[in-house]
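Working notes for the structure below.
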């Protein structure tokens, strides 16, 4: 997949006969994947280049001054787009100037002018241009629209259209099982392993503390999942997956206030730490990917370290039982 950053990059390396679609594609869920399938089919019809236009910054951050917590940073979105077989991605910086461009001007200056496109595929909830005015319905009413327009239908799952908003709400509820169905993969967080308080090691269960960055993190609680070491984020290292018990929260047994059930993650108070079952090594400074598969329980305060240790033993036993079932189903093979 070719990645072009900014319109200026198109001057020297424009895609041939681009068939375009536009969006932020946060979370890159199964609805987005369905849209990409339609884009690839249309590109094949016209012997063109499947071309995705996306943005480095969430448009609402510029237009409204704040945006929902991002589900997938740009680097991860590009990886997921690459996995679909799309030919080209054009990454535009979303700034004040771009936010004021009308849909008609965006078509004239970007799609037709810079890209030379004659084909535009819109998602059912796609919109571009000032005030997000450029919906498919709006574009259909433009006289002499200088390109062919098609609409990709919504993907309906469990009675509603799959969207980033639905995925976000599902994750905020801590329903990782449903989120995985909507995404088509486990929800994951990626970041650098940072130095923690090393309390886990002191009670026999060392953890890797992850800095997830400014992204959405599920609510406080204990989760079953996996940690991926190596791979694209750690060049030169073999990719390996470890079962992991993951704690998201403030560890009330050590003196911090207990968080009520459903408490959202607060980066100022909460930690994200993963115990890799069977792993023995130093991960400080390494970039890891934490996959969250299932919420096991809420986080609570224990009367003593021994009581906490006994609960962690039970959590790890639950992890091993769950992992054994996944291995039997072939789900842990990579």
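Rule-based calculations on the coordinates, nothing more; no lab input. Here the structure is a predicted model, which is why all the values come from computation and not from measurement. Neighbour counts are summed over all protein chains in view; Cβ atoms, including those assigned to glycine, are modelled from backbone coordinates with ideal geometry.
Of note:
- Once the Cα atoms are used to define both axes, helix 305-329 deviates from the longest principal axis of the chain by about 50 degrees.
- Likely footprinting exposure, 107, 248, 312, fewest C-beta neighbours within 10 Å first: 312, 107, 248
- Rounded tilt (10° steps) of 74-83 against the dominant C-alpha axis of the chain: 70 degrees
- Sorted largest first, extent of the chain alpha carbons per principal axis (Å): 74, 38, 38
- For a label point 7 Å along the Cα-to-beta-carbon line of residue 99, residues of the range 18-57 with backbone N under 17 Å: 24, 55-57
- Helix 30-45 and the long axis of the chain differ in direction by around 30°, with both axes built from C-alpha atoms.
- Order of 22, 3, 246 under a 10 Å beta carbon neighbour criterion, fewest first: 3, 22, 246
- Cα gyration tensor shape for the range 35-119, rounded if a/c is under 1.5, else prolate or oblate: oblate
- Ranked by how many other Cβ atoms sit within 10 Å of their own Cβ, fewest first, the residues 240, 60 fall in the order 240, 60.
- Helix-derived mean residue ellipticity, 222 nm - over the chain, DSSP H n ≥ 4, -39500 (n - 2.57), to 500: -8000 deg cm²/dmol
- Note on the range 51-189: percent of Cα-Cα distances in each 5 Å bin, starting at 0 and stopping at the bin with the largest distance, equals 2, 8, 15, 20, 21, 17, 10, 5, 1, 0.
- FRET efficiency, residue 282 to residue 239 (Cβ-Cβ, R0 22 Å, nearest 0.05): 0.75
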